[in-house]
Amino acid sequence: MPPLRTVGWVNVRDGRLLAVRTTGKDRFFMPGGKVEPGESDADALVREIHEELGVRLDPASVRPGFVAEAPGHGLGGRVVRMHCMYAEPEPGSPEPAPSAEIAELAWLTPADAHRVPPAGRIVLDRLAGVLAG
């Protein structure tokens, strides 16, 4: 089975990475989600972040970051290929807040690696230089 292509929003503030926990899940994930057929990564990121957090990202600010690939949490061994992307909120966009299936937000550091799935640990490792100890 091919890897599941997803996008994740890299949003670092005050040395912490924004993460979300979906209702009924025990791990925190990068905000974002699956890329729909015919949708670009940038379009998927803008759509998912608005659905999950109510934030309106500026499509012109979306830029690629890096790829994190690892077995997906609770996916029976299927690999997730998460395209981690940077983007800025549009002026006047609300602060991130849980909506849709999101139960909780968290701002994580590398010390929180036990709270995220394997791809999340890759992200925390990759961003260790800009995250608080």
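Structural descriptor for the chain: relative contact order 33 percent, calculated from alpha carbon pairs under 8 angstrom and at least 6 residues apart. Overall, the accessible surface of the chain at a probe of 1.4 angstrom is composed of carbon and sulfur to the extent of 52 percent. What the range 12-79 shows is 51 Å² of accessible area per residue, with the surface traced by a 1.4 Å probe over protein heavy atoms.
Can you work out the FRET efficiency for the pair Val130 and Thr23, with r the C-beta to C-beta distance and R0 = 35 Å, to the nearest 0.05? Efficiency, from the Cβ-Cβ distance: 0.75. Backbone geometry of the range 73-81 corresponds, through the Karplus equation with coefficients 6.51, -1.76 and 1.60 at θ = phi - 60°, to 3J(HN,Hα) couplings of 6, x, 10, x, x, 5, 7, 9, 10 Hz, x marking Gly and Pro. Placing unit charges on the Cβ atoms of the charged side chains and taking the dipole of the chain about its Cα centre, the candidate lying farthest along the positive direction among His50, Gly77, Val67 is Gly77.
Under 5 Å between amide hydrogens, built in the peptide plane, is the criterion, and for Phe28 it picks out Val116 among residues at least 5 positions away or on other chains.
Model label sites at His50 and Arg115, defined 7 Å from Cα along the beta-carbon direction, differ in position by 2.9 nm. For the range 82-87, 3J(HN,Hα) computed residue by residue from phi via the Karplus equation (6.51, -1.76, 1.60; θ = phi - 60°) reads 9, 8, 7, 10, 9, 6 Hz, glycine and proline entered as x.
Scalar couplings 3J(HN,Hα) for the range 37-50, obtained by applying the Karplus form with A = 6.51, B = -1.76, C = 1.60 to θ = phi - 60°, are x, x, 9, 6, 4, 5, 4, 4, 4, 4, 5, 4, 5, 5 Hz; x denotes Gly and Pro.
Scanning residues 5 or more positions from Leu108 or on other chains, those with amide H under 5 Å from its amide H are Leu17, Leu18, Ala19, with H placed 1.01 Å from N in the peptide plane.
Rounded to the nearest 20, the Cβ-based charge dipole of the chain about its Cα centre (Lys and Arg +1, Asp and Glu -1) stands at 480 debye.
The values are calculated or read from the model by the stated rules, or taken from the named source; none is laboratory data. Since the structure is predicted, the reported quantities are computational estimates derived from the model, not experimental observations. For neighbour counting, all protein chains shown are included, and Cβ atoms are generated from backbone atoms with ideal geometry for every residue, glycine included. Accessible surface is based on the protein model in full, side chains and every heavy atom, while ligands, DNA and RNA are left aside. Shrake-Rupley method; radii C 1.70, N 1.55, O 1.52, S 1.80 Å.
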